[in-house]
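The values are calculated or read from the model by the stated rules, or taken from the named source; none is laboratory data. Please read all numbers here as calculations on a predicted model, not as lab measurements. Backbone-built Cβ (ideal geometry, glycine too); neighbour counts: all protein chains shown.
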Amino acid sequence: MSLESGKALKELASAIKTMTHPSSTDEHIENSRKTEADLKIALETTSREKPELLEIIPAITVASILTDIIKATEEIVGSVRELSHQAHFKSVVEATVLPEKPPLNRRGSVKPFSDDYGDGDSDSGGDHVTIMVHGTSPESPKNEIPQAPKEGKI
């Protein structure tokens, strides 16, 4: 319950900072309310089992404090919404299309090769990979003029 209230408060702070209408605080408050209802059911079930009063008082105290936090958060949400309307905050437009990913610049190749040099000893160094990297000229980064390939072993 406190986690969801915290998320709602964080979103409200962001909305005030960016001067936009808060958008998903209702979801966080609703999640808090559902958790509060579950907690009440759990406490009622526990109280029917006739526990010792001293055993249940800490749980009831915590539940009461968490309920007060939710109520205070709801009041803050209402105040920020009123502020956002009176101060003419911008509306947040949700992006419905994913942004395009930039194309990958592939300038190299990876080729595995055998370590067997004909002497029958293939355990002499393990597997190797040759990596060929084709660089670009610093004068013309857009044209990608290939330079001499560089080889290396890993």
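Within region 1-22, restricting attention to residues that are under 15 Å from G78 (Cβ atoms) and out of contact with any Asp or Glu (no Cβ under 7 Å at 6 or more places or on another chain), which residue is surrounded by the most Cβ atoms within 10 Å (Cβ to Cβ)?
Filtering first and then ranking leaves A8.
One residue is enough: does region 59-75 have a residue meeting the conditions loosely packed, with under 12 Cβ neighbours inside 10 Å, modelled with pLDDT under 90 and out of contact with any Lys or Arg (no Cβ under 6 Å at 6 or more places or on another chain)?
no
Which of (1) at positive phi; (2) at pLDDT 90 or above is the odd one out, the single condition K50 does not satisfy?
Against the list (1) at positive phi; (2) at pLDDT 90 or above, K50 comes up short only on (2).
Taking region 76-97 only, how many residues are loosely packed, with under 11 Cβ neighbours inside 10 Å and assigned to a loop (DSSP other than H, G, I, E, B)?
Summing the residues that are loosely packed, with under 11 Cβ neighbours inside 10 Å and assigned to a loop (DSSP other than H, G, I, E, B) in region 76-97 gives 8.
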